[in-house]
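**Q** Right, I'll just put the structure down here and ask away after.
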Amino acid sequence: MDRPTPLIEDEDATRAKLESWFSARRGTAVRIPELTIPTASGMSNVTLLFDIEWREGETLHREPCVGRLQPKISRPVFPSYDLTLQYQVMDSVGRNSDVPVPELHGLETDTSILGVQFYIMKRVDGRIPTDMPPYNMDGWMVHETSEAQRRTLWESAVDSMGRFHQLDYRELGFEHLVQAGKTPLQQQLDYWQEYLGWAMEGQGHAICQRALDWLAANQPKDEPTVLCWGDSRLGNIIFDANEDKVATVLDWEMAVLGNPVQDIAWFNYMDSTFAEGLGIPRLSGLPSYDESLEQWQAVSGYSARDYDYYLIFAGMRYGLILSRIMLASGQDDQVQENFSCVLLQKRLDEIAL
């Protein structure tokens, strides 16, 4: 798959433009000694790592930063990217709650600067569970944590999620996301049905279409509505260096209004894809999914009555996203029956009888 590289071929020019951008906003000369583009950047955004330096009198200040850039590739994972919404979510959650989100330095929608929209945030020290390789196969969670520490990490993530769900989306300023005449769930189902057509480029998708048909026919009634994180998983959390609490919650690009149980369902389902989906054990020490559900209900105050429905919803979403990645990267044999879709089919056979 094409690597998303908006002007990144010329790192020096990108660095100089960011120096000018910071200097204009701060009213003082800002220098960026070095710019790093991680080769493992996800295909849903472009990540830049760098430090900024500036002087106040004789004192030299230095601060680590992260830049997130809108991707610019021929076959992206999503048809559109709303960096403004991501930024607004982090800004509002940071100002109105104790849920830890990155400290923000600015959003730039003028594409003449770097060729795409971008935002900058302060880099947070800590540890992030790995996706490649999965955190239950290798990496620091396998080799450097005890079972008790893993439980603490997991439970702190669920706690942060539950506290986030206590927030009122209207007070956060996201009432504009409500679409007249449709429930939040129907809005999402419509989006994912359209996504299937776009992502599969006319091929269709038997397993995910089966899931969408079942989801459309079995929509829960009288659902609560909150602002949902959307991509709620361990890999989107920075844990503090002591590995006992959440330092920062990341990646709000899939934030949406909906039933909050969809976030804990996604959280559990995504973990299950790394274990059952890949045919390997879960990382020992992690709470069971039922325990996680009970904790989430206690913290958030919401019922998990529709949890099974949203497990299918989670499987459909991830199955389509992974299928899109496989199609766009030329892995044609994995488009229809990758490990996530096989797991979704199993869940459909168990739940959607």
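The values are calculated or read from the model by the stated rules, or taken from the named source; none is laboratory data. Computed from a prediction, not measured in an experiment: that's the story for all the values here. Cβ atoms come from the backbone with ideal geometry, glycine included; neighbour counts cover every protein chain shown.
**Q** Out of the range 53-77, which residues are touching a residue at least 60 places away in the same chain (Cβ under 8 Å), surrounded by 15 or more Cβ atoms within 10 Å (Cβ to Cβ) and either part of a loop (DSSP other than H, G, I, E, B) or touching a helix residue (DSSP H, G or I) at 6+ places or on another chain (Cβ under 8 Å) (or both)?
**A** Q70, P71, K72, I73, R75, P76, V77
**Q** Let me ask another. Considering only residues of the range 51-96 that are in contact with a strand residue (DSSP E or B) (Cβ under 6 Å, 6 or more places away or on another chain) and among the aromatic types (F, W, Y), which is farthest from A247 (Cα to Cα)?
**A** W54
**Q** Same structure, new question: Tell me, please, whether a residue that is part of a helix (DSSP H, G or I) and more than 20 Å from the chain's Cα centre (by Cα) can be found in the range 256-269.
**A** No, every residue in the range 256-269 fails to be part of a helix (DSSP H, G or I) and more than 20 Å from the chain's Cα centre (by Cα).
Okay, residues lined up against (1) at pLDDT 95 or above; (2) outside any loop (DSSP other than H, G, I, E, B); (3) exposed (fewer than 13 other Cβ atoms within 10 Å of the Cβ):
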residue: P6; (1), (2), (3): no, no, no
residue: A13; (1), (2), (3): no, yes, yes
residue: S41; (1), (2), (3): no, no, no
residue: S44; (1), (2), (3): no, no, no
residue: D51; (1), (2), (3): yes, yes, no
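**Q** While we're here: Among the helices (runs of 4 or more DSSP H) lying completely within the range 283-352, list those that include at least 1 residues that are farther than 22 Å from I264 by Cβ.
**A** Helices (runs of 4 or more DSSP H) meeting the threshold: 307-328, 339-351.
**Q** Kindly indicate whether any position in the range 160-177 is under 30 Å from D138 (Cα atoms), in contact with a strand residue (DSSP E or B) (Cβ under 6 Å, 6 or more places away or on another chain) and among the polar types (S, T, N, Q).
**A** Scanning the range 160-177 turns up at least one residue that is under 30 Å from D138 (Cα atoms), in contact with a strand residue (DSSP E or B) (Cβ under 6 Å, 6 or more places away or on another chain) and among the polar types (S, T, N, Q).
**Q** Related question: Can you name every residue in the range 89-147 that is of a type in the set (S, T, Y) and in a loop (DSSP other than H, G, I, E, B)?
**A** Scanning the range 89-147 gives S97, T109, T111, S112, T130, Y135, T145, S146.
**Q** Taking the range 306-339 on its own, how many of its residues are among the small types (G, A, S) and at pLDDT 95 or above?
**A** The number of residues fulfilling the criteria is 4.
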